[in-house]
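Asks: This is the structure I have questions about; it appears just below.
The values are calculated or read from the model by the stated rules, or taken from the named source; none is laboratory data. Small disclaimer: the values here were computed from a predicted structure and weren't measured. Cβ: placed from backbone, ideal geometry, glycine included. Neighbour counts: every protein chain shown. Accessible surface areas use protein heavy atoms only, side chains included; no ligands, DNA or RNA. Shrake-Rupley method; radii C 1.70, N 1.55, O 1.52, S 1.80 Å.
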Amino acid sequence: MTSTFDRVLDELGSAVVTGAHPAWERRSIDQLVERTGASRSIVREAVRVLVGLGLLTARRRVGVVAVPIGMWDVTDPRVVGWRLAGPDRDVVLAELRALRRAIEPAAAAAAAERSSDASCQDRLEALLAAADRLAAATGPDDAAAFLQADRELHRSILAMSGNAVFRRLGGVVARALDERAGIGPDLHDVGLHVAVARAIADGDASAASAAMREIIDRV
């Protein structure tokens, strides 16, 4: 069940992203309280989070001001979600695909190069287990199981890469993967995911990168 805070955060965040609260327009806390029907303390906390995400500024005697997209943390999964629910959904999907194509093949190659490191063995086991679950999730009712295993597979690869920036972007990748929720698994896609996991386990950086690139291109 969604909490009042989460509802208010989503409402105010979406308002900025969709332009219902236009850039540079000033509003008071009292106006936001009236808009959301929530308490001042909840509204203030939601505003504080949105200031941290770069969507708002808040100052005494100035009020709460929305800011343009150039200042947003567009890699935060919450901001990604609000943008996907807004009028620029197709643009955001294209941006996410471009981001994934830029980082995930490189992450898969790096993971393959590090697959024999002792520090990566737990992640490698998690990766192979996720691949096994993907391979088993091929039925018409397996969409949820496929998505869960898919998220774990991609998260494990980003973590195995050893690149802190790649790992930090794991939330964005997971949010992009959520867009296939409810869609049944495709057998060719399942095979590609298994192939990338096996290539990483074998230390084959080139094959891992190629398989990951094909996965993303088929999205």
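Asks: Could you pull out the residue among Arg155, Arg133 that is free of Cβ contacts under 8 Å to residues at least 40 places away in the same chain, open to solvent by 10 Å² or more (accessible area, probe 1.4 Å) and either farther than 17 Å from Arg198 by Cβ or of a type in the set (Asp, Glu) (or both)?
Replies: Arg155
Asks: Next question, about the same structure. If Thr138 passes every condition in (1) polar (S, T, N, Q); (2) in a helix (DSSP H, G or I); (3) under 23 Å from Arg180 (Cα atoms) but one, which one does it miss?
Replies: Just one mismatch for Thr138, condition (2).
Asks: Do we find that Asp204 is surrounded by 17 or more Cβ atoms within 10 Å (Cβ to Cβ), more than 26 Å from Thr75 (Cα to Cα), touching a helix residue (DSSP H, G or I) at 6+ places or on another chain (Cβ under 7 Å) and not aliphatic (A, V, I, L, M) in this structure?
Replies: For Asp204, the condition - surrounded by 17 or more Cβ atoms within 10 Å (Cβ to Cβ), more than 26 Å from Thr75 (Cα to Cα), touching a helix residue (DSSP H, G or I) at 6+ places or on another chain (Cβ under 7 Å) and not aliphatic (A, V, I, L, M) - is met.
Asks: Got a sec? Which of Val74, Val64, Val17 is free of Cβ contacts under 8 Å to residues at least 60 places away in the same chain, buried (at least 16 other Cβ atoms within 10 Å of the Cβ) and touching a Gly at 6+ places or on another chain (Cβ under 9 Å)?
Replies: Being free of Cβ contacts under 8 Å to residues at least 60 places away in the same chain, buried (at least 16 other Cβ atoms within 10 Å of the Cβ) and touching a Gly at 6+ places or on another chain (Cβ under 9 Å) holds for just one of Val74, Val64, Val17, which is Val74.
Asks: Also: Identify, from the list Ala108, Ala85, Ala112, the residue that is open to solvent by 20 Å² or more (accessible area, probe 1.4 Å), in contact with a helix residue (DSSP H, G or I) (Cβ under 7 Å, 6 or more places away or on another chain) and in contact (Cβ under 8 Å) with a residue 24 or more places away in the chain.
Replies: Testing whether each residue is open to solvent by 20 Å² or more (accessible area, probe 1.4 Å), in contact with a helix residue (DSSP H, G or I) (Cβ under 7 Å, 6 or more places away or on another chain) and in contact (Cβ under 8 Å) with a residue 24 or more places away in the chain leaves just Ala85.
Asks: Being basic (Lys, Arg) and surrounded by 15 or more Cβ atoms within 10 Å (Cβ to Cβ) narrows it down to one residue among Arg175, Arg168, Arg218; which is it?
Replies: Only one candidate qualifies: Arg175.
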